[in-house]
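As structure tokens, the structure follows; a few thoughts come after it.
Since every read-out is calculated from the coordinates, none of them should be taken as a lab result. Computed from a predicted model, the values in this text were never measured in an experiment. With ideal geometry, Cβ positions are generated from the backbone for all residues, glycine too; neighbour counts draw on all protein chains shown.
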Amino acid sequence: AAELITQVKKSVTIDWTLRESARARIKVMVKRILNKYGYPPDLQEEAVKTVLAQAELLCAEWV
């Protein structure tokens, strides 16, 4: 979880919620981290959605 937070914080920009390319880049990064730690592939899509939703809520503090 710590690596995930660190990487998402590094990738978040001011307008990342509006730019589809930025959202896609973050989704790929999250999936790679989940794969690295053996997260089940069938549960990854829901986990990615959860991470993006949480990042949207917290991004004001990060940027």
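Give, rounded to the nearest 20 debye, the magnitude of the charge dipole that the chain has about its Cα centre when Lys and Arg contribute +1 at Cβ and Asp and Glu contribute -1 at Cβ.
Working: 10 positive and 8 negative charges, 54 e Å.
For this selection, approximately 260 debye.
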> When the helix-only estimate is applied to the chain (DSSP H runs of n ≥ 4, each -39,500 (n - 2.57), divided by the residue count), what is the mean residue ellipticity at 222 nm, nearest 500 deg cm²/dmol?
Replying inline: -26000 deg cm²/dmol
>> Compute the helix-to-body angle for 2-11: its Cα long axis versus the longest principal axis of the chain, expressed 0 to 90° and rounded to tens.
In response: 40 degrees
> In degrees from 0 to 90, rounded to the nearest 10, what is the angle of the helix 41-62 Cα long axis to the longest principal axis of the chain?
Replying inline: 20 degrees
> So what is the relative contact order for the stretch 2-62, in percent, with contacts set as C-alpha pairs under 8 Å and at least six apart?
Replying inline: 40 percent
> If you take the charge dipole of the chain about its Cα centre, with +1 on Lys and Arg Cβ and -1 on Asp and Glu Cβ, which of Leu43, Thr6, Leu57 is farthest toward its positive end?
Replying inline: Thr6
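Past the 18 angstrom mark, what percentage of all C-alpha to C-alpha distances in the chain do you count? Write down the numbers at each step before the final one.
Working: 546 of 1953 pairs.
That fraction is 28 percent.
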